[in-house]
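Below is one structure; the comments refer to it alone.
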Amino acid sequence: MRRRSVLLAVPAGLLALAGCGDDENNKDKADKADKVDTSKSPTAEPTGKIVAGPLPDITKGREFGQKPTMAKGPGKPSPDLAVKTLVPGRGAAVATGDFLEVNYLGQKWKDGKVFDNSYDRDKPAIFPIGVGKVIPGWDQGLVGKKVSSRVQLAIPPALGYGSEGNPQAGIKGDDTLVFVVDIVGSYNTRSSAQGKEVEQTDKALPVVGVKTDGEPPTIEVPKGKAPTKVVSNYILEGDGPKLKKTDAVMVQYKGVLWDGGKEFDSSYASKQLAQFSLQQVVPGWTEGLDGKKTGSRVLIVVPPDKGYGKEKKDGIPPNSTLVFAVDILAIL
């Protein structure tokens, strides 16, 4: 709905990989990571190969989802990217351009000092993978891995922050970085909710399709009078965390008019996942998604006073009641 101001996009560059400390500094770190000159790296340049090691031992928290503890690096690190799958996943393989949802811990090879981790923030990071939005070692090491995998990476300077390092995180230009990454989810334009089907019994409300094949769900609008209050019902009920009004989310959605059932907007049609803050959408969306679980498909009926009111929008007449099917993929 970005074209019509229902959804306002989250700024580009969701993660700086970095994190590396304060969330407010993430964008600056992302810009720096993307722009560093690695041509003068003080260590040997990687050959483009991915090798199996060496890698530090995991000393505590060995299971997927547990905050890990690692020993410092054993001897001299490889000049190439070292990647090892510690826990094989059973989900879909991560593809270039997917939005990756991960928990991670990063530390320096030579002294084992942790410079960042998402586990303590109790919130996974989400970012596009394989397209230059994070350091190259992540782009190269995580594409192709499966959701629910735990992966360990040793990233040489040229595939990390380059010869400039990242002073804010205490990373020098010759530091090899070591990460443990838990791949929580991976999302693209074929992603759908995966919750448990909830019976639709109210014949006065639209019926939403329950297929999760990546195609837009059907929405059958009844001929009766439209509700005068916001309706928000589970179609598929997920088991993820509940949304709060202060959250930003990633969704798939389809919107039709109550009168006539004509589609006026859809993330499926635009071939782009929608990202927005619940504080930056029409009131009907804020009210309709507040408290709903991630992984769910939700029917939202928005009366005019909680939508656009008397305004005329592209494809939306004045005083229109709007009907949405929304798949809540992740909290940003």
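Of the peptides 227-235, 88-96, the order by per-residue mean of other Cβ atoms within 10 Å, starting with the highest, comes out as 227-235, 88-96. Sequence-ordered 3J(HN,Hα) estimates for the range 205-216 from the Karplus curve with 6.51, -1.76 and 1.60 and θ = phi - 60° stand at 10, x, 9, 10, x, 10, 5, 10, 9, x, 8, x Hz, glycine and proline given as x.
Can you work out the FRET efficiency for the pair residue 259 and residue 290, with r the C-beta to C-beta distance and R0 = 22 Å, to the nearest 0.05? Provide the component values of the computation, followed by the final result.
On the way: r = 26 Å, r/R0 = 1.20.
It comes to 0.25.
Backbone phi angles across the range 136-144, fed through the Karplus curve with coefficients 6.51, -1.76 and 1.60 (θ = phi - 60°), yield HN-Hα couplings of x, x, 6, 4, 7, x, 9, 4, x Hz in residue order; Gly and Pro are listed as x. Length gained on full extension, residue 122 to residue 269: 49.5 nm, using 0.36 nm per residue less the C-alpha separation. Modelled label positions at residue 244 and residue 218, each set 7 Å beyond Cα in the direction of Cβ, lie 4.0 nm from each other.
Quick check for you: which residues of the range 273-291 have the amide N under 20 Å from the point 7 Å beyond the Cα of residue 198 toward its beta carbon? The answer is 278, 283-291. According to the calculation over all Cα-Cα pairs in the range 41-133, the P(r) per 5 Å bin from zero is 3, 11, 15, 23, 24, 18, 7, 1 %.
Taking every pair of Cα atoms in the chain, average 1/r, invert it to obtain the Kirkwood radius, and report Rg/Rh to two decimals.
Numbers: Rg = 22.4 Å, Rh = 21.3 Å.
For the chain, the value is 1.05.
Each listed q (0.11, 0.15, 0.19 Å⁻¹) maps to a log10 I(q)/I(0) for the range 85-199, found by the Debye formula over equal Cα scatterers with no solvent: -0.38, -0.67, -1.01.
For the range 219-282, what is the convex hull volume of the alpha-carbon atoms per residue, in Å³?
Values: hull volume 7.9 nm³, N = 64.
So the per-residue hull volume is 124 Å³.
Taking only the C-alpha atoms of the range 191-331, the Rg (one decimal) and the largest Cα-Cα distance, Dmax (whole number), read 13.8, 37 Å.
In terms of packing, defined here as the mean over residues of other Cβ atoms within 10 angstrom, the peptides 54-67, 155-168 line up highest first as 155-168, 54-67.
How large is the dipole of the range 105-248 about the Cα centre if only Lys and Arg carry +1 and Asp and Glu carry -1, each at its Cβ, rounded to the nearest 20 debye?
Details: 20 positive and 18 negative charges, 65 e Å.
Around 320 debye, computed over the range 105-248.
Ordering 189-197, 117-125, 169-177, 291-299 by mean Cβ neighbour count within 10 Å, with the highest value first, yields 291-299, 169-177, 189-197, 117-125.
Exposure proxy for 179, 115: other Cβ atoms within 10 Å of each Cβ, ordered fewest to most, give 115, 179.
All of the numbers you see were taken from the coordinates with simple rules; none came from a lab. Being a predicted model, the structure only gives us computed values, none of them experimental. As a convention, Cβ positions derive from the backbone with ideal geometry for all residues, glycine included, and neighbour counts pool all protein chains shown.
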